[in-house]
Amino acid sequence: MHIQEGFLPNPWWEIWWLLAIPIIAYGVYKLSKVTKEFPEAKPLLALMGAFIFVISALKLPSVTGSSSHPTGSGLAAIIFGPGVASVLSAIALVFQALLLAHGGLTTLGANDVSMGIIGPVIAIAIWIIGRKARISNSVVVFIAVALSDLATYVVTSAQLALAFPTAAGVFDSFLRFAAIYSITQVPLAIGEAILAVFLFDFLAKYKSKLLSSMKVIKLPVSEEGEEVHTQ
Amino acid sequence: MKYKYYLILAVALPTSLLMYITALGFTPWVGAFLKLPPETETLLFTIQAGVGAATIGHFFGYKRAKKGKKNGKLEHEETILPTATREKKKRKTFSLKYAVLLVVMLAIFIAPFIINPTANFSGTDGQGPQAIQDQGYNPWLTPFFTLSHTDEILLFSLQVAIGGTIIGYFVGHERGKRAIEEEDIARLNHKVSQKE
């Protein structure tokens, strides 16, 4: 979803920056609140940042014959909320823009809106719905992460379509960009979701007390890291 | 042996890396006989970097957990195992769920090479901008530097290695703590059974 440096013309990159800044600021506030409330969650925070770092650096091949990056921000959103996920994504994006010439500083706002804000919001929405419906955690994590990854690329397509409408209009342009980005992304989204399930199960198994005090899951959990629903 | 798995990885990873580099023709001894699309080449380097870094991180994380125990600093903060399973712990070594997920994941990432053996797997990061430039748009700002292919491999590997170390350390630390806890419980159970 990295829109390259200079590929968003004049009004658009400012608009996405303006949208991203208040949410990143809110994320920083949330971040300091979480670390104050749960100091023992700091390693977990580092883990989520590292997960985004690793996942977003992998250029994975897709059945369409092209390759792309997964995002990794969906899992961070499930555990810490979308605000914190937007900050962690922004850190990874800055690193990639400055050191890897990948993405860019002017397009950082747009990239963070797609990867760090809308994707995570989708993830947390599905997570909340899934928990209300009492579906198994692994299944919900899988769907939430996969759809948040896909949503990221749909948003990127929309961002580019808005900036570069074709003669037939914005929607036509959107379909064109979606054909490039979103279809390639489908298998990658599934792959990322599987990795996220591995990591989430590990956390549910080894960090269940912390996760339950952060109100992510409820105790008790079984040995496989699944919640045991009493009653 | 205690460090069996570390040892296997410590031998296997450098060997595979060396073979890979040789096959790609980065060494002076033989020409390149493995032809991979650039994106795939980078991916395989980053995966090896990630696995290596995660192993090192795991090693130190596990050590740290044991050391914390020796200094008496480690407390059993995590007491989640239900008491029934605590007493008789049968470790499951094989889980069908994870096996299926792993196979699906590998299939997803190997299938493209079987379906599309001749594809160049160019990144969508490049195709998107290309489509825009085809419309006649030129970026008003370009990155102030560009990376050669080798630089890109190194820096992406670095990024994965940083993340991999942290993940490996975290996982190792947690597993180390849990192993100590289980040892303590086993000792306790042993004492109880002796008294009886």
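Just so it is clear, none of the values below were taken in a lab; they were calculated from the coordinates. As the structure is a prediction and not an experimental result, all values here were calculated from the model. Cβ: placed from backbone, ideal geometry, glycine included. Neighbour counts: every protein chain shown.
Here the extension length gained between B:Gln130 and B:Ala186 equals 13.9 nm, from 0.36 nm per residue of separation less the Cα-Cα distance.
Enter the mean projected area of the convex hull around the alpha-carbon atoms of region A:108-231, in nm², rounded to one decimal. In nm², the orientation-averaged hull projection of region A:108-231 is 8.8. Using C-alpha pairs below 8 Å separated by at least 6 residues, the relative contact order for region A:148-196 is 41 percent. Here chain B is treated with +1 on each Lys and Arg Cβ and -1 on each Asp and Glu Cβ, and its dipole about the Cα centre works out to around 1660 debye.
With just the Cα atoms defining each centre, how far is region A:115-169 from region B:127-196? Give it in Å. Cα centroid of region A:115-169 versus Cα centroid of region B:127-196: 22 Å apart. Build a GNM of chain B with springs between Cα atoms under 10 Å apart, and of B:Thr165, B:Thr146, B:Thr15 the one that fluctuates most is B:Thr146. Only one residue of A:Ser213, A:Ser73, A:Ile190 has its Cα farthest out toward the positive end of the dipole of chain A, where Lys and Arg carry +1 and Asp and Glu -1 on Cβ, and that residue is A:Ser213. Taking 7 Å steps out from each Cα toward its Cβ at A:Lys132 and A:Glu40 produces label points 3.1 nm apart. Between the helical axis of B:4-24 and the longest alpha-carbon principal axis of chain B there is an angle of about 10 degrees. Here is the P(r) of chain A: all C-alpha pair distances, binned every 5 Å from 0, give 1, 7, 14, 19, 19, 16, 10, 7, 4, 2, 1, 0 in whole percents. Put simply, chain B fits an ellipsoid with semi-axes of 46, 20, 19 Å; these come from the alpha carbon gyration tensor as the roots of five times its eigenvalues, largest first. Compared with the dominant Cα axis of chain A, that is its longest principal axis, helix A:42-57 is turned about 40°.
Just to confirm the number: angle between the C-alpha axis of helix A:137-163 and the first principal axis of chain A, 0 to 90 degrees, nearest 10? Helix A:137-163 sits roughly 20 degrees off the main axis of chain A.
Charges were assigned to the Cβ only: +1 to each Lys and Arg, -1 to each Asp and Glu. The resulting dipole of region A:148-222 about its Cα centre is roughly 500 debye. Here is the P(r) of region A:19-110: all C-alpha pair distances, binned every 10 Å from 0, give 16, 44, 31, 7, 1 in whole percents. When chain B is treated as a GNM with alpha-carbon contacts under 10 Å, the residue of B:Lys69, B:Lys97, B:Lys35 showing the greatest mean-square fluctuation is B:Lys97. Look at B:Phe144, A:Phe38 and count the other Cβ atoms within 10 Å of each Cβ; fewest to most, that gives B:Phe144, A:Phe38.
Footprinting exposure proxy ranking of A:Lys207, B:Lys2, fewest other C-beta atoms within 10 angstrom first, gives B:Lys2, A:Lys207.
Taking the helices alone, the protein assembly as shown has a mean residue ellipticity at 222 nm of -24000 deg cm²/dmol, built from -39,500 (n - 2.57) per DSSP H run of at least 4 residues and averaged over all its residues.
Among A:Ala204, A:Ala144, A:Ala189, which one shows the biggest mean-square fluctuation in a GNM of chain A, springs joining Cα atoms closer than 10 Å? Per the Cα network of chain A with a 10 Å cutoff, A:Ala204 tops the list. A simple spin-label model places pseudo-atoms 7 Å from Cα toward Cβ; at B:Val100 and B:Tyr3 they are separated by 4.0 nm. For the protein assembly as shown, build the charge dipole from Cβ charges (+1 Lys, Arg; -1 Asp, Glu) around the Cα centre, then report which of A:Ala85, B:Tyr5, B:Gly57 sits farthest towards its positive end. It is B:Tyr5. Please compute, over every Cα-Cα pair in the protein assembly as shown, the percentage with a separation greater than 34 angstrom. Tail fraction, whole percent: 35.
Residue exposure proxy: B:Glu196, B:Glu183, A:Glu227, ordered by other Cβ atoms within 10 angstrom of their Cβ from fewest to most, comes out as B:Glu196, B:Glu183, A:Glu227. The modelled label-to-label distance between A:Asp172 and B:Trp29, using points 7 Å beyond Cα along the C-beta direction, is 5.9 nm. Rg and Dmax of region B:142-182, both derived from C-alpha coordinates alone, stand at 17.2, 56 Å.
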